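Below you'll find the structure, written out as structure tokens, and then a few comments.
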Amino acid sequence: MKNRKFSPSKSRTNHSLDVGNNKNSEISEMGNTGNTEKLYEFLTLKLIKPIKYQDLSDLCFSLFCTIEILPESIKPIKITKETLGLTFEKISFSNNMFEYSKNYWIKQIEKYMKLGKYPNLKDAQILLGTNK
């Protein structure tokens, strides 16, 4: 079987990822902070410290690719590369990993997509306690 590239957009198209009526970019930017906070709060409750870098990296990419690994109460959060970058920067800093900025996480997502990497959804679900 040939290696096929994973297309995150296809696994996200059937989901409503917007919170409220974010009609203009100013409102979207303001909402992004709230989305980051909600996602950060959820993840910090679920992730056991200390968390390994590889687990964070895999989880970040998994969340970019699909929201199916999240509980229903978190799914309405608008998850973008920006939201993930900010959220994972905060998680990194709280785990004394100060070298991983928002832009670093965004570049990791882009790198994984270019490489055709598949997200490890099973491990992500285990980390979040959402495995069935």
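Every number here is computed from the coordinates shown, using simple stated rules; none is lab data. Remember, it's a predicted structure, so these values are computed and weren't measured experimentally. A quick note on method: Cβ atoms are made from the backbone with ideal geometry, for glycine too, and the neighbour counts reach across all protein chains shown.
Numerical summary
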{"item": "Enclosed volume per residue, in Å³, of the convex hull spanned by Cα atoms of segment 25-128", "result": "98 Å³"}
{"item": "Loop-located trypsin sites (Lys or Arg not before Pro) in segment 45-102, at most 14 other Cβ atoms within 10 Å (DSSP)", "result": "K52"}
{"item": "FRET E, pair K114, Y53, Förster distance 25 Å, beta-carbon r, rounded to 0.05", "result": "0.80"}
{"item": "Burial ranking of peptide ranges 35-42, 107-114 (average Cβ count within 10 Å, highest at the top)", "result": "35-42, 107-114"}
{"item": "Estimated vicinal HN-Hα couplings, Hz - segment 90-102 in sequence order (Karplus 6.51, -1.76, 1.60; Gly, Pro = x)", "result": "4, 5, 4, 4, 6, 10, 6, 10, 6, 7, 9, 8, 4"}
{"item": "Integer Hz, Karplus 6.51/-1.76/1.60 couplings in order for segment 109-115, x for Gly and Pro", "result": "4, 4, 5, 4, 5, 5, 7"}
